[in-house]
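Take a look at the structure below.
The values are calculated or read from the model by the stated rules, or taken from the named source; none is laboratory data. Since the model is a prediction, treat every value here as computed from it, not as a measurement. Neighbour counts are summed over all protein chains in view; Cβ atoms, including those assigned to glycine, are modelled from backbone coordinates with ideal geometry.
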Amino acid sequence: MHRLRSIKERSARWFMRIIAYCSILFLIIIGIALFVKAFPAIKNNGLWELLTSARWRPSGGKFGFLPFIISTLYVSAIAIAIALPLSLLTAIYLNSYASKGIRRFFAPVIDLLSGIPPVIYGVWGTITIVPFIANYIAPHFSGQSSGYSVMAGGIVLAVMIIPLLVGLLVEIFNSIPKEMTDASFSLGATKLQTVKRVILRRSLPGIVAVTVLSVSRAFGETMAVLMVCGNSTLMPHSLLDACYPIPALIANNYGEMLSIPGYESALMLAAFLLFVIVFLFNGISRLTLNHLEKRFHF
């Protein structure tokens, strides 16, 4: 009986290890496949030229990805800058200040907002955010703008990821042992002091991890951003300029322009660049999270 149990334990351990290694293997296979398909574009144009050039003329064999990279980073940065503070404050309110009735009301609302298709957010951005920017914001800064801009993409993307952030942050705050907050109150701390010194401090690694997940979602979002960014291949110089993030470039052109020599390889390079950006961001965030865990002894 003991030997049979030992065999089962070893078999389960090896099975789970193989599954874990397969997950890493899939990631490597995806990266290699994208690189192989993108290699002709790299060979013909040079990686440095592709990454630093702003000239995008597929018919002439010019594939400068700098405007698309900058657009992706700008839109994602604006989305996180808007969504993270709002989501964090909302989650703190729901966890520490809201009544049980308000919490019960918001729980299905957050789930509903998380399940809305991205195209709905895109339509909403087209009929509300874009005209608002064109008619009320742009005249005070650049004079004229169609409203299809970096700012519109960032705002729509922020609204999309807020429900995801709020839901995850509330779960993280709820996982903090009640004994810790009770101990803080018993020592005379106010609710605000407890939030700052107990809840936020204890939840810091989780907040970082949730932010990484949201940024990864922002990097890869396609449809909603495609509908409000303007899809201009020119370099965006302000938040009111049209832009063209990498996911929108791939979705807009793959399958339609592949008759142009080198276009498919260029689009595969765009996908590989997005893959590398997300991979590097997650790697840097993981290192930051490890540093925080060691520093604060979580």
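Look through the stretch 131-165, keep the residues that are touching a strand residue (DSSP E or B) at 6+ places or on another chain (Cβ under 9 Å) and buried (at least 20 other Cβ atoms within 10 Å of the Cβ), and return whichever of them is farthest from Val215 (Cα to Cα).
Gly147
When the stretch 1-57 is examined, which residues are found to be of a type in the set (Asp, Glu) and at pLDDT 85 or above?
Glu49
When both residues are 6+ apart or on different chains and their Cβ atoms are under 6 Å apart, which pairs have a first residue that lies in the stretch 221-248 and is closer than 18 Å to Arg55 by Cα, and a second that is part of a helix (DSSP H, G or I) and of a type in the set (Phe, Trp, Tyr)?
Taking only residues 6 or more apart or on different chains, the pairs are Tyr244/Phe68; Ile246/Phe68.
It is to be established whether one or more residues within the stretch 90-103 are among the small types (Gly, Ala, Ser), surrounded by 13 or more Cβ atoms within 10 Å (Cβ to Cβ) and touching a helix residue (DSSP H, G or I) at 6+ places or on another chain (Cβ under 6 Å).
Yes, that holds for at least one residue.
Mind checking which residues of the stretch 192-216 are of a type in the set (D, E, K, R) and surrounded by fewer than 17 Cβ atoms within 10 Å (Cβ to Cβ)?
Lys196, Arg197, Arg201
Has the stretch 172-186 got any residue that is touching a Phe, Trp or Tyr at 6+ places or on another chain (Cβ under 8 Å), in the same structural domain as Gly283 (by TED's automatic domain parsing) and either surrounded by fewer than 20 Cβ atoms within 10 Å (Cβ to Cβ) or touching a residue at least 40 places away in the same chain (Cβ under 8 Å) (or both)?
No, the conditions are met nowhere in the stretch 172-186.
If only one of Ala91, Ala77, Ala20, Ala83 is in a helix (DSSP H, G or I), closer than 30 Å to Ile176 by Cβ, of a type in the set (Gly, Ala, Ser) and free of Cβ contacts under 8 Å to residues at least 24 places away in the same chain, which one is it?
Of Ala91, Ala77, Ala20, Ala83, the one residue that is in a helix (DSSP H, G or I), closer than 30 Å to Ile176 by Cβ, of a type in the set (Gly, Ala, Ser) and free of Cβ contacts under 8 Å to residues at least 24 places away in the same chain is Ala20.
All but one of (1) more than 30 Å from Ser114 (Cβ to Cβ); (2) free of Cβ contacts under 8 Å to residues at least 60 places away in the same chain; (3) of a type outside the set (A, V, I, L, M, F, W, C) hold for Pro261, so report the exception by its number.
(2)
With respect to the numbered conditions (1) buried (at least 19 other Cβ atoms within 10 Å of the Cβ); (2) of a type in the set (A, V, I, L, M, F, W, C); (3) in a helix (DSSP H, G or I), which one is the sole condition not fulfilled by Leu239?
Here Leu239 meets the rest and fails (3).
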